[in-house]
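**Student:** Dumping the structure here so I can ask a few things about it.
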Amino acid sequence: MVDRHSNDPVTTEDKAHTSEGLPSADIHGIVSIPVQDNCTDHEKRHQFDGPTKATVEQVEHFSAVGKIVLTEESCYEELGFCFPTWKKWMIISVIFLVQMSMNFNTSLYSNGLAGISEEFGVSMQAARCGAMIFLVTYAFGCELWAPWSEELGRKPILQLSMVLVNIWQLPVALAPNFATIMVGRTFGGLSLAGGSVTLGMVADMWEADAQQYAVACVVFSSVAGSVIGPVVGGFVQKYLTWRWAIWIQLIFGAFVQVVHLLIVPETRTTIMLGQIAKKRRKNGENVYGPYELIPWKKRFSIKEICVTWMRPFKMFLTEPIVLTLSLLSGFSDALIFMFIQSFGLVYDQWGFDAVALGLSFIPILVGYLIAWLSFYPAIWRNMGERRRKPDNEHAQYESRLWWLLYTVPFLPLGLIGFAWTSLGPPVHWMGTMVFSAMVGIANYSIYMATIDYMVCAYGPYSASATGGNGFARDILAGILTIPATPFFENIGGDRHLEYASTILFCISVVLVASVYVIYWYGPALRRRSPFAQQLASSQIEGYSHSRRTSIIIAGSRLASTRNSLTYHR
């Protein structure tokens, strides 16, 4: 690999690669910049002033007598980036199942509502609280798990998450009362790691400019899992007791966990560097992984953990791009969970039983599939444009939203079409399914494009930006689960179903317009963004020329660990 110097110009490709990519909590960079004993006081202070980043040469070629810390540059061929293509896609296939099982758990519960209401003597609205609390705690669970996947590795965190989720299925399946169900669903949602870890694994194996195809696959598994739930649930509701809706979640979850345990290796770069260092030390080399020289009490200080956990929420509230795109993505996702409640009211007009009602969600799944496949040529076009125009800011950033400009109108079109084809007989039910497929196309496109754009626009802060996206999707879906049925039942008199969906259409028009605003005015919004300004400053100073994240240093952690990272004679 050709060495580059810190005064080399920063290319757009380098900017894209300063971010690790997609985990839902931001990373504090890891590197050891040795403070040499013979340095002047000014030189020692300069090494720790402000947010900075070491050059590859400083880390790899430091000649002091002491401990050498491995970087991605020094053993790149042994990391996940250089896994064979077949191995990468085998891992993604398993992650596809993992993500699908997580979202499968969010929706299948709804098919047990009638049985829960009857057995425990609670209203249907009260029974829906089990679905609501699972989604709300899922939103927080993703943010809580993500920092630990950065510190301890993807595999142990995913395994622990799946173990806890499966364990908390048991009290729900065996519940003697409704309170037990609520407790089990609450802790089950908190145990879900979600896309904060699974999308992070994509970033572990692909560079930022090459990861879009893998991201598209994982995004499909996320949205498809929530639709497969009611499809399977229709058969469960008709032929089995409500408790089987929980047992099936447990069976699926346990199967996926075993497959993940046996097939998927660790992919987190900093953890792999530690594993490589241990192997090399056995051969006499004096090398260490980026975490091995940092005391545990400093790695897991309360301050650092709180800063990491709070950043996604801070960006969600203060960054106009994150807030707008997250609300758009969250609203779109919330529609799917509102549909889970409203489809029963709509298709009851045509006399659909539980099985037919479950199968009515297949058009949404078809819409997801159409959108997924449509992104392949769009990604290919976008990658070509970035290569042709390396210095064009719009081509590097906003062009990632290009295909969304054509697919996002399907959201309001699908809603208004669904509204006025849900009149019941003599209107045929097929019309509602065509329009629900259009909503599926828009929902997938919004999720995929917003994540891709945030990764590029926010560089090292993209993890926190996408974390806000995921949080908005889950929290809005959870909150809207409870009022969904009363909303569709009580608005507009005789045309309550039609007017309720029309209201959603009106809201969606406003949100969809924001996509076009960001596409044309994204550069101006980024210039007013404090996070984007900080990233731009570091690039101007030459700190962001490296393509690897293991040598990004956040000033707060570096300052707190300076003594532990000093090379010792």
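**Student:** Tell me, what % of the accessible area of region 202-246 is carbon and sulfur with a 1.4 angstrom probe?
**Tutor:** Numbers: 830 of 1200 Å².
Carbon and sulfur together cover 69 percent of it.
**Student:** I need the GluC sites (Glu not before Pro) found in region 218-313, filtered to DSSP loop residues with at most 14 other beta carbons within 10 Å of theirs. List each step's numbers first, then the result.
**Tutor:** Values: sites: GLU266, GLU285, GLU292, GLU304; in loops: GLU266, GLU285, GLU292.
Sites meeting the loop and neighbour criteria: GLU285.
**Student:** Another question about this same structure. What accessible area per residue, rounded to a whole number of Å², is obtained for region 225-341 using a probe radius of 1.4 Å?
**Tutor:** Numbers: 5090 Å² over 117 residues.
So region 225-341 comes to 43 Å² accessible per residue, rounded to a whole number.
**Student:** Modelled label-to-label distance, SER301 and VAL163, 7 Å Cα→beta-carbon offset: nm?
**Tutor:** Going by the 7 Å Cα→Cβ label model, 3.0 nm.
**Student:** Is region 164-315 rounded, prolate or oblate when judged by the Cα gyration tensor, a ≥ b ≥ c being the square roots of its eigenvalues, rounded requiring a/c under 1.5 and prolate requiring a/b larger than b/c?
**Tutor:** On the way: a/c = 2.14, a/b = 1.83, b/c = 1.17.
It is prolate, given that a/c is not under 1.5 and a/b is the larger ratio.
**Student:** Here's something else I'd like to know. Over region 345-460, average the accessible area per residue using a 1.4 Å probe and give it in Å², no decimals.
**Tutor:** With all protein chains present, region 345-460 gives 37 Å² per residue.
**Student:** What is the distance, in nm, between label points placed 7 Å from the Cα along the Cα-to-Cβ direction at LEU323 and at SER123?
**Tutor:** The two pseudo-label positions are separated by 3.5 nm.
**Student:** Ok, one more. Subtract the Cα-Cα distance of ALA114 and HIS428 from 0.36 nm times their separation in residues, and report this length gain in nm to one decimal. Don't jump to the answer; show the numbers that get you there.
**Tutor:** Values: separation 314, 0.36 × 314 = 113.04 nm, distance 2.73 nm.
Roughly 110.3 nm would be gained on extension.
**Student:** Would you mind working out the magnitude of the charge dipole of region 100-232 relative to its Cα centre, with +1 at each Lys and Arg C-beta and -1 at each Asp and Glu C-beta, to the nearest 20 Debye? Don't jump to the answer; show the numbers that get you there.
**Tutor:** Numbers: 4 positive and 8 negative charges, 68 e Å.
The dipole magnitude comes to about 320 debye.
**Student:** Between ALA254 and THR186, what's the calculated FRET efficiency when r is the beta-carbon distance and R0 is 22 Å? Round to 0.05. Please report the intermediate quantities before stating the final value.
**Tutor:** Working: r = 21 Å, r/R0 = 0.94.
Step by step, r from the Cβ atoms, then E = 0.60.
**Student:** Let me ask you something else. Suppose all protein chains stay in the model; what accessible area per residue would a 1.4 Å probe give for region 89-212, in Å²? Before the final figure, lay out each step's value.
**Tutor:** Numbers: 3380 Å² over 124 residues.
Per-residue accessible area for region 89-212 comes out at 27 Å².
**Student:** OK, next. Could you work out the equivalent-ellipsoid semi-axes for region 225-339, taking the square root of 5 times each eigenvalue of the Cα gyration tensor, largest first, in whole Å? Can you show the working numbers first?
**Tutor:** Details: eigenvalues 325, 148, 32 Å².
One finds semi-axes of 40, 27, 13 Å for region 225-339.
**Student:** Between ILE491 and THR85, how high is the FRET efficiency from 1/(1 + (r/R0)^6) when r is the Cβ-Cβ distance and R₀ = 45 Å? Nearest 0.05.
**Tutor:** On the way: r = 52 Å, r/R0 = 1.15.
E between ILE491 and THR85, to the nearest 0.05, is 0.30.
**Student:** In nm, to one decimal, how far is the LEU170 label point from the SER93 one, both placed 7 Å along Cα→Cβ?
**Tutor:** Output for this residue pair reads 3.2 nm.
**Student:** Report the FRET efficiency, 1/(1 + (r/R0)^6), for GLU78 and TYR521, where r is their Cβ-Cβ distance and R0 is 25 Å, rounded to 0.05.
**Tutor:** Working: r = 43 Å, r/R0 = 1.73.
That pair, GLU78 with TYR521, gives E of 0.05.
The values are calculated or read from the model by the stated rules, or taken from the named source; none is laboratory data. In this text, all values refer to a predicted model and were calculated from it rather than measured experimentally. Ideal geometry is used to build each Cβ from the backbone, glycine not excepted, and the neighbour counts take in all protein chains shown. The area values use the complete protein model at the heavy-atom level, side chains included, leaving out ligands, DNA and RNA. Shrake-Rupley method; radii C 1.70, N 1.55, O 1.52, S 1.80 Å.
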